[in-house]
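Taking it in order: structure first as structure tokens, then the write-up.
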């Protein structure tokens, strides 16, 4: 069976009933299996991970976007994480028997439908990008350019959406794409100084000369009174979790700051955790095939 993964990010992380409604709309499509739901109050954001046969993916994602547009008003939304819309980012990921080109086709089909039927502006990113400058998500939406800025800028040619109207309603815009698997990984520090966090994030980011395949931002977590380094690891085989963690620790030590904890948002491949275990336990000659569960699963 050809299976695809979809990991939509929604701009609601505080009202569980709303997130449950969105998840229910997604799972109402036959063959869809929701694997994980993550809510974050500080970011006011949820991540829903689901898998399904390739021919059900567009319908399931569309229903989630539609329900989010009905429930979430971006004019009333606040949170630490940058956002463009109620359904903020919707990536398709090839999982089993599916090619990246097929995921690109899904993203463009969904984008066209969302733009036409829901009248929500759609920007394509990643492998599905139709404009090279939109390939990287951070070139579309960033801390300095979000929903509020887009409302005015969308009238400019540079910000003309790939699908949908050149105007923004209360549901904002949606960024849809196709990409490989990534790991959302956060590290929290025992400081409230956001300037320190920004310096550490810059040292990590690939585009600023840091680690290849790392995207990083810094946020202040109001409830914990500490700074978070929030990362996307876009190729864990080439830039493993432990390497990102160790560089955060190293850079933080320059400012007399320590790591309090770290967290993984959503799902993570077993091999990514095994590589970190081998690093920290200094396992000599250990093979991932030695893991009991891997033997049982074949």
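The values are calculated or read from the model by the stated rules, or taken from the named source; none is laboratory data. Computed from a prediction, not measured in an experiment: that's the story for all the values here. Using ideal geometry, Cβ is built from the backbone for each residue, glycine included, and neighbour counts are taken over all protein chains shown.
One line per residue, one yes/no per condition, for (1) surrounded by fewer than 20 Cβ atoms within 10 Å (Cβ to Cβ); (2) in contact (Cβ under 8 Å) with a residue 40 or more places away in the chain:
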site: 3; (1), (2): yes, yes
site: 7; (1), (2): no, yes
site: 10; (1), (2): no, yes
site: 14; (1), (2): yes, no
site: 17; (1), (2): yes, no
site: 22; (1), (2): no, yes
site: 29; (1), (2): yes, no
site: 33; (1), (2): yes, no
site: 42; (1), (2): yes, yes
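Could you count how many residues in the stretch 198-208 are in contact (Cβ under 8 Å) with a residue 24 or more places away in the chain and either within 20 Å of the chain's Cα centre (by Cα) or within 18 Å of residue 243 (Cβ to Cβ) (or both)?
5
Looking only at the stretch 111-129, filter to residues that are out of contact with any helix residue (DSSP H, G or I) (no Cβ under 8 Å at 6 or more places or on another chain) and either assigned to a loop (DSSP other than H, G, I, E, B) or touching a residue at least 60 places away in the same chain (Cβ under 8 Å) (or both); which one of those is surrounded by the fewest Cβ atoms within 10 Å (Cβ to Cβ)?
Looking at the filtered set, the residue picked out is 119.
For the stretch 1-40, give me the residue count where each residue is within 20 Å of the chain's Cα centre (by Cα), assigned to a loop (DSSP other than H, G, I, E, B) and more than 20 Å from residue 102 (Cβ to Cβ).
The qualifying residues number 5.
Return the residues of the stretch 261-290 that are buried (at least 16 other Cβ atoms within 10 Å of the Cβ) and more than 20 Å from residue 182 (Cβ to Cβ); say none if nothing qualifies.
Residue satisfying the conditions is 278 alone.
Can you tell me which of 168, 227, 187 is crowded, with 19+ Cβ neighbours inside 10 Å, touching a residue at least 40 places away in the same chain (Cβ under 8 Å) and farther than 28 Å from residue 128 by Cβ?
Going through 168, 227, 187 in turn, the sole match is 187.
Check whether at least one residue in the stretch 92-103 is touching a residue at least 12 places away in the same chain (Cβ under 8 Å), closer than 25 Å to residue 218 by Cβ, over 15 Å from the mean Cα position of the chain (by Cα) and in a loop (DSSP other than H, G, I, E, B), and report yes or no.
Within the stretch 92-103, not a single residue is touching a residue at least 12 places away in the same chain (Cβ under 8 Å), closer than 25 Å to residue 218 by Cβ, over 15 Å from the mean Cα position of the chain (by Cα) and in a loop (DSSP other than H, G, I, E, B).
Just a yes or no: is a residue in the stretch 148-160 outside the structural domain of residue 252 (by TED's automatic domain parsing), touching a helix residue (DSSP H, G or I) at 6+ places or on another chain (Cβ under 7 Å) and buried (at least 19 other Cβ atoms within 10 Å of the Cβ)?
yes
How many residues are touching a helix residue (DSSP H, G or I) at 6+ places or on another chain (Cβ under 9 Å) and closer than 23 Å to residue 58 by Cβ when one looks only at the stretch 24-44?
12
Let me confirm something: among 63, 108, 56, which residue is in a helix (DSSP H, G or I), touching a strand residue (DSSP E or B) at 6+ places or on another chain (Cβ under 7 Å) and not assigned by TED's automatic domain parsing to the domain that holds residue 222? Steps first, answer last, please.
Working: 63 fails: touching a strand residue (DSSP E or B) at 6+ places or on another chain (Cβ under 7 Å); 56 fails: touching a strand residue (DSSP E or B) at 6+ places or on another chain (Cβ under 7 Å).
None of the other options fit; the residue is 108.
Could you check, for the stretch 143-151, whether at least one of its residues is part of a loop (DSSP other than H, G, I, E, B), without any contact (Cβ under 8 Å) to a residue 60 or more places away in the chain and either over 16 Å from the mean Cα position of the chain (by Cα) or closer than 25 Å to residue 207 by Cα (or both)?
Looking through the stretch 143-151, at least one residue is part of a loop (DSSP other than H, G, I, E, B), without any contact (Cβ under 8 Å) to a residue 60 or more places away in the chain and either over 16 Å from the mean Cα position of the chain (by Cα) or closer than 25 Å to residue 207 by Cα (or both).
Yes or no: residue 210 surrounded by fewer than 23 Cβ atoms within 10 Å (Cβ to Cβ) and assigned by TED's automatic domain parsing to the domain that holds residue 136?
no
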